[in-house]
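The values are calculated or read from the model by the stated rules, or taken from the named source; none is laboratory data. All of these numbers come straight from a predicted model, not from anything done at the bench. When we count neighbours, we look across all protein chains shown, and the Cβ atoms used for this are built from the backbone with ideal geometry, even at glycine. In case anyone asks, the SASA skips ligands and DNA or RNA and just uses the protein heavy atoms, side chains included. Shrake-Rupley method; radii C 1.70, N 1.55, O 1.52, S 1.80 Å.
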Amino acid sequence: MYNAINNNVDKIDILCVGEVLVDFIGHQEDVLINDTRDYHRYLGGSPTNVAMNSTRLGLNTIMVATVGNDGFGSYISERLASVGVNTNHLNVLDNKSTSVIFVSRSQGTPDFIPYRSADCCIYEEQISREILSNTKIFHTTCFALSKNPAQKTILKKAQEAYDLGCKLSIDVNYARKLWKSKKKAFKVINAYCKFNPLIKISEDDMLRLFEKELPHEEIFEFFHHQGVDTVCLTLGSKGVKLSQKGKDIIEMPAIKIDKVMDSTGAGDAFWSGFLFAYIKEKSINECLDIALKLAALKLQNVGRLPDNINILSKLL
């Protein structure tokens with residue numbers, strides 16, 4: 001059961017709110033799940049990856065999430081604590097099992113099958129007003145917003161964070177299999193966009209959301225129209241585009257690597273680097289540069305990033 005521990009809140013760089021999962025990533029390369037014979041276990045969940053990466057880059061990060069009172073939940077708690085992520089707001093439920101996802105190993109966007117239980121049970125008491133008033137960035141995902149009670153909790157706390165002057169962030173990692181309907185997904189995404197978050201999206205996410213290929217300018221305009229100033233569109237091996245309302249679009253190429261080992265978590269690594277540089281008050285171009293460096297490192301490693309990612313923080 002969740003129990004608030006820390007009443008004296010330090011300054012928090014990133015408050016990550018959303019899914020914490022156990023990823024089972026396929027051992028065989030470039031095959032779908034139906035042809036995958038065995039899997040290796042990793043800590044997963046987009047906001048979890050951001051929390052882990054950000055902490056290892058030297059930021060003060062809190063993870064707000066929920067697990068089951070089981071072996072996977074213990075594994076998650078231990079992994080988060082091992083790198084210094086604040087887990088005082090990690091809820092542990094006796095009546096729910098820890099959520100798991102089976103993921104194919106591929107160079108592109110991986111196929112996945114989710115088995116969800118505890119991850120969506122995020123409640124208001126896990127996020128106090130005091131925490132929000134001391135937070136620089138409130139980060140979540142489309143995955144986390146896909147199911148109640150987490151959906152209602154995150155939208156309410158996002159409003160509170162916005163009113164307190166906190167900068168919001170979201171990875172719009174939309175997947176149809178997670179939502180009751182696309183109409184509901186658009187409604188929730190639009191509601192979050194009213195808080196002018198930093199937005200991270202991918203071409204694959206947008207193809208799933210709009211169910212057709214759109215010119216990048218139309219994608220940017222859609223989010224700008226919802227009240228978003230900054231939209232970052234990742235393009236895989238083609239790099240990234242970023243649009244700031246009223247300014248020219250910035251384009252940067254991806255860093256070339258010899259071999260892609262695993263694409264799972266590359267987008268999270270990218271966004272961890274971006275938010276890290278953003279908190280350090282670097283220019284948008286510098287934010288993109290460090291983001292691309294971190295993504296390139298992740299693509300060359302299966303599972304988590306290598307232990308030496310803190311060397312990137314020294315580049316700023």
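List of remarks:
- Only the Cβ atoms of Lys and Arg (+1) and of Asp and Glu (-1) were treated as charged; on that basis the dipole of region 203-244 about its Cα centre amounts to roughly 120 debye.
- Taking amide hydrogens as placed 1.01 Å from N in the peptide plane, the amide H of T141 sits under 5 Å from those of D171, each at least 5 positions away in sequence or on another chain.
- Heavy atoms of the protein chains alone define the surface here; on that basis region 122-167 has 40 Å² accessible area per residue at 1.4 Å probe size.
- Prolate/oblate/rounded label for region 136-183 (Cα gyration tensor, a/c 1.5): prolate
- Point-charge dipole on Cβ atoms (K/R +1, D/E -1) for region 139-194, about Cα centre, debye to 20: 440 debye
- Database remark: amide H of Q28 closer than 5 angstrom to the amide H of R37, D38 (H placed geometrically; neighbours at sequence offset of 5 or more, or on other chains; Pro and chain starts carry no H).
- When a 1.4 Å probe is rolled over the protein heavy atoms, the share of accessible surface on region 147-227 that falls to carbon and sulfur comes to 50 percent.
- Under the Karplus curve 6.51 cos²θ - 1.76 cosθ + 1.60, θ = phi - 60°, whole-Hz ³J(HN,Hα) for region 149-165, x wherever Gly or Pro sits: x, 4, 4, 5, 4, 5, 5, 5, 6, 5, 4, 5, 4, 4, 5, 8, x
- Projected onto their three principal axes, the Cα atoms of the chain cover extents of 49, 47, 44 Å, largest first.
- Anisotropy class of region 158-251 from Cα gyration tensor, a/c 1.5 cut: oblate
- When the P(r) is computed for region 84-197, the part past 20 Å accounts for 47% of the Cα-Cα pairs.
- Placing +1 on the Cβ of every Lys and Arg and -1 on the Cβ of every Asp and Glu, with no other charges, gives the chain a dipole of roughly 460 debye about its Cα centre.
- Scalar couplings 3J(HN,Hα) for region 227-235, obtained by applying the Karplus form with A = 6.51, B = -1.76, C = 1.60 to θ = phi - 60°, are x, 9, 7, 10, 10, 10, 10, 8, 10 Hz; x denotes Gly and Pro.
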